[in-house]
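Step one of this worksheet: look at the structure below.
The values are calculated or read from the model by the stated rules, or taken from the named source; none is laboratory data. Since the model is a prediction, treat every value here as computed from it, not as a measurement. Cβ atoms come from the backbone with ideal geometry, glycine included; neighbour counts cover every protein chain shown. Surface areas here come from the heavy atoms of the whole protein model, side chains and all, with no ligands, DNA or RNA. Shrake-Rupley method; radii C 1.70, N 1.55, O 1.52, S 1.80 Å.
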Amino acid sequence: MSLPSPWSFIGAAQGLGGNVFDFEWHEGALWLAGTRGLVRMAPNAHGGIDTRETHWVELEAFAVSSTAQGLVVAHRNGMLVLDPGASAPRALFTTQAESVLERLHSKHHPDRIYALGDLNMFVLVMRDGRWQLDFTVPLQGASAAYLIETGPQELWFGDSRGGPQRWTLDLAQRKVAKRE
């Protein structure tokens, strides 16, 4: 039997509190996005787990992505990235009253990450070896969830206020070319 993690159970006894929404291995540690923000768990010299709440976000963290260019985090008030070798993250963008709930690393454009917020879709791009916000597209009243990429410039998401939506992006013009 093979497990993807050196630990088979992680709970309160290991220092984990709150609910976990997403997790990702990054630079030898397990990073957890949850109701207590962003938590880093790493093996210690005694075979146990060292748990550290980062306090990088004030409220919930919702999604994490490990990339060679850093750990990308979606949270209650925007997105941030922990660049390689950095000890603290930098903000990609901040929001006032909009959670960024999920993210999707593009299969067709490895230099892009799509993220859904309450009111907008955010498109991140890799520029000069660093993640940056490229453009923002308003959801126009949609209550979006479950982002899926079905083609090089085609995204689908569910809308609890209507049916599923299919968007065709124009990445060169930084906009949605077609909404269905």
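Structural remarks
- Here the condition is being open to solvent by 40 Å² or more (accessible area, probe 1.4 Å), outside any strand (DSSP E or B), within 22 Å of TRP25 (Cβ to Cβ) and among the polar types (S, T, N, Q); of SER87, SER66, it holds for SER87 alone.
- Residue ID - nearest to LEU104 (Cα to Cα), chosen from residues in the range 146-180 that are open to solvent by 30 Å² or more (accessible area, probe 1.4 Å) and hydrophobic (A, V, I, L, M, F, W, C): ILE148
- The residue that is modelled with the lowest pLDDT, among those in the range 70-84 that are open to solvent by less than 60 Å² (accessible area, probe 1.4 Å) and either part of a loop (DSSP other than H, G, I, E, B) or of a type in the set (D, E, K, R) (or both), is ASN77.
- Among the residues of the range 40-52, those identified as open to solvent by 10 Å² or more (accessible area, probe 1.4 Å) and not small (Gly, Ala, Ser) are ARG40, PRO43, ASN44, HIS46, ILE49, ASP50, THR51, ARG52.
- The combined condition, being under 16 Å from PHE62 (Cβ atoms), within 18 Å of the chain's Cα centre (by Cα) and aliphatic (A, V, I, L, M), is not fulfilled by ILE148.
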